[in-house]
Amino acid sequence: MKLYQNEISSATSRVRIALALKGLTAETLPVTILGENAESRQAGYRSVNPQGLVPALLTDGGVLITQSLAIVEYLDEIQPEPALLPGTAEDRALARSIALAIAAEIHALLPPRIGLHLGKTFQADADAVAAWNRHWVGEGMAAIETMIAGRRQGAFAVGDQPCVADIFLFPQAISARRMGFDLAQWPNIAEIVARLEAIPAFQENAPAPRR
Ligand SMILES: N[C@@H](CCC(=O)N[C@@H](CS)C(=O)NCC(=O)O)C(=O)O
């Protein structure tokens, strides 16, 4: 397998955590994502992934899978242990809803292409883009805290084993903390993240800080 990725990418971090939990390896192919001239915006990478996003996983069978949730679920199917989805249909739906609330409703508003577009089209400067990011992270994480608190029964987001909900929560929470948010305002998230930070697959695959 080959993983198109970037070290600072929160979406890539999800896949790297899943690979590590499964004991799987993939050859990594770096793709730059910052700035107007990033490789993610060039025709070369667009011919690989038309969306110009990382992560993208090229399977051993030569199929390119995009979107981190699809990739993580693919890895869960080819290597079922440890399971990354909980044991009941309700819990699986809950875990996916938390993962998607992060990927589709928080993270989707934050990547470099959004900031570039806000700057180019609406003359947003770096401070305005940072305020935009803080708004969606603050509002979104508060909602995730309530979602988790409403039905939490174990040590992690859904149950007693790390699952897709934790894999998506972890990089977003690390990035929120780097933005200056105190995770203690979201007690369930803070407690879960502290547990996840003690697990090497999570700790070693957190998104790298932007320099
Ligand atoms: N929904 C996608 C999001 C992928 C995504 O936005 N990746 C970011 C890095 S975290 C990216 O490639 N950004 C390039 C850009 O914004 O130009 C997923 O879950 O894989």
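The values are calculated or read from the model by the stated rules, or taken from the named source; none is laboratory data. None of the values given here were measured: they were computed from a predicted structure. Reconstructed Cβ throughout: ideal geometry from the backbone, glycine too, with neighbour counts over all protein chains shown. Ligands, DNA and RNA are stripped out before the accessible areas are found, and what is left, the full protein with its side chains, is counted by its heavy atoms. Shrake-Rupley method; radii C 1.70, N 1.55, O 1.52, S 1.80 Å.
Numbers below:
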read-out	value
Amide H within-cut-off set for LEU29, under 5 Å, with H built and near neighbours excluded	LEU3, TYR4, GLN5
Percent RCO, i.e. relative contact order, over segment 2-78, from Cα pairs under 8 Å lying at least 6 residues apart	35 percent
Cleavage-rule hits (GluC sites (Glu not before Pro)) in segment 1-73: DSSP loop, at most 11 neighbouring Cβ within 10 angstrom	GLU36
14 Å beta-carbon shell around VAL193, net charge (K/R +1, D/E -1)	-1
For segment 59-154: rounded, prolate or oblate by the Cα gyration tensor [a/c cutoff 1.5]	oblate
Solvent exposure, largest accessible area first (probe 1.4 Å, DNA, RNA and ligands not counted), of THR25, THR12, THR121	THR25, THR121, THR12
PHE156 - accessible surface, heavy atoms, 1.4 Å probe, Å² rounded to 10	20 Å²
Cα-based Rg and Dmax for segment 2-78, where Dmax is the largest Cα-Cα distance (Å)	11.9, 37
Volume per residue of the C-alpha convex hull in the chain, rounded to whole Å³	118 Å³
Dipole magnitude (debye, nearest 20) for the chain, charges at Cβ of Lys, Arg, Asp, Glu	440 debye
Fraction in percent of alpha-carbon pairs per bin - 10 Å, segment 89-203	13, 45, 28, 11, 2
Whole-Hz couplings from phi, Karplus 6.51/-1.76/1.60, listed for segment 135-149; x for Gly and Pro	4, 6, 5, x, 5, x, 5, 4, 5, 5, 4, 5, 4, 5, 4
Cβ-based net charge around ALA157, under 11 Å, with every Lys or Arg adding one and every Asp or Glu removing one	-2
Computed E for ARG41/ALA131 - FRET, C-beta separation, R0 25 angstrom, nearest 0.05	0.55
